[in-house]
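The values are calculated or read from the model by the stated rules, or taken from the named source; none is laboratory data. Owing to the predicted nature of the structure, the values given are computational and were not obtained by experimental measurement. Here Cβ is always computed from backbone atoms with ideal geometry, including for glycine, and neighbour counts include all displayed protein chains. The area values use the complete protein model at the heavy-atom level, side chains included, leaving out ligands, DNA and RNA. Shrake-Rupley method; radii C 1.70, N 1.55, O 1.52, S 1.80 Å.
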Amino acid sequence: MTTDFELLAPSVRDALTAIEREGRTRVERLPELLGLALYSELEDASALRPRTADADAEAALFTLNEQELAALSSRPIWRAKRAFDIGLASALLAVCAPVMALVGVAVAFDIGLPVTFWQRRPGLGGRAFELRKFRTMRPAFDSDGSRMTDDARLSGLGQLLRRTRLDELPQLLNILRGEMSFVGPRPLLPRDQPVECRGRLLVRPGLTGWAQVKGGREISIADKTALDLWYVRHASMTLDALILLQTARIVIFGERIDQRAVTGAWKELGERAARRAGAPEPALAGDAPHARRDDAA
């Protein structure tokens with residue numbers, strides 16, 4: 001595909017997305033194959049996104065200057081995390097190989113082949129990579145060619161895999177290849193990744209992250225972005241260990257919103273934006289615009 005995805009008609013985008021999610025046909029863009037897909041897709045998607053006062057206010061809070069970006073990207077923690085990721089991913093792949101084989105067989109019988117699906121997501125530096133998961137949904141069209149709803153496509157096995165996060169196991173390979181980390185901002189779809197928020201793309205996207213343990217699918221893209229920027233500024237091996245422990249709790253007890261963490265992340269964004277602008281009063285978390293909830297990540 002050479003035409004930018006966001007410039008296609010909605011019906012064409014839906015059809016291509018359905019084909020890619022089914023996993024039987026690979027949908028690729030020429031710029032990505034040539035290594036040219038950095039921020040171009042994000043910029044195109046951002047240009048087509050309606051501009052509102054709330055969106056502009058969010059952009060002002062999310063935008064970091066070059067000095068801030070350079071300081072955050074040079075933190076020693078990122079090198080330590082990479083060494084940790086390689087060691088843990090190698091060990092887990094060895095231990096989880098039988099589990100992955102069993103899940104693959106179950107998916108093949110219950111949902112069909114192939115057993116995984118992939119999506120292009122912006123990763124480190126905005127470069128696109130192929131995120132893989134075990135399939136949890138049946139084909140988008142029934143035997144009569146009619147489009148099926150997502151609820152009808154989601155099988156009982158798929159619900160179990162999502163609930164236990166077993167559908168994420170193929171991402172251990174993404175981690176080993178250096179495309180992802182165990183902990184970091186979850187890779188969003190290009191249409192949900194704010195182009196002005198390059199802070200999220202300074203680090204490898206994560207299998208889990210601060211935004212996932214503080215709200216997950218229950219909070220808006222804007223709240224996720226605020227939490228992700230808080231993580232990039234405060235990342236440490238101790239914090240990563242805490243996030244991994246809280247992820248285990250979520251798998252057992254389910255997601256819940258930690259409003260204190262969300263409010264704190266927005267407050268810090270407002271304070272930093274006020275200092276950059278030389279304003280006397282910081283923006284309060286309660287004044288921060290919140291986007292609609294979105295379960296895409």
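Some points to look at:
- Heavy atoms of Glu255: accessible area, 1.4 Å probe, square angstrom to 10: 50 Å²
- Length added when fully stretched, Cys96-Arg79, from 0.36 nm per residue minus Cα-Cα: 3.6 nm
- Separation of the Ser155 and Glu68 label points, Cα + 7 Å toward Cβ, nm: 4.6 nm
- Scanning residues 5 or more positions from Thr116 or on other chains, those with amide H under 5 Å from its amide H are Arg135, with H placed 1.01 Å from N in the peptide plane.
- Cα shape, the stretch 158-202, gyration tensor, a/c 1.5 rule: oblate
- Angstrom value of the Kirkwood radius, inverse mean 1/r, which spans all Cα pairs in the stretch 155-239: 13.6 Å
- Length-normalised contact order for the stretch 117-197 - Cα pairs under 8 Å, 6+ apart - percent: 32 percent
- Added length on full extension, which subtracts the Cα-Cα distance from 0.36 nm per residue, Val251 to Thr263: 1.9 nm
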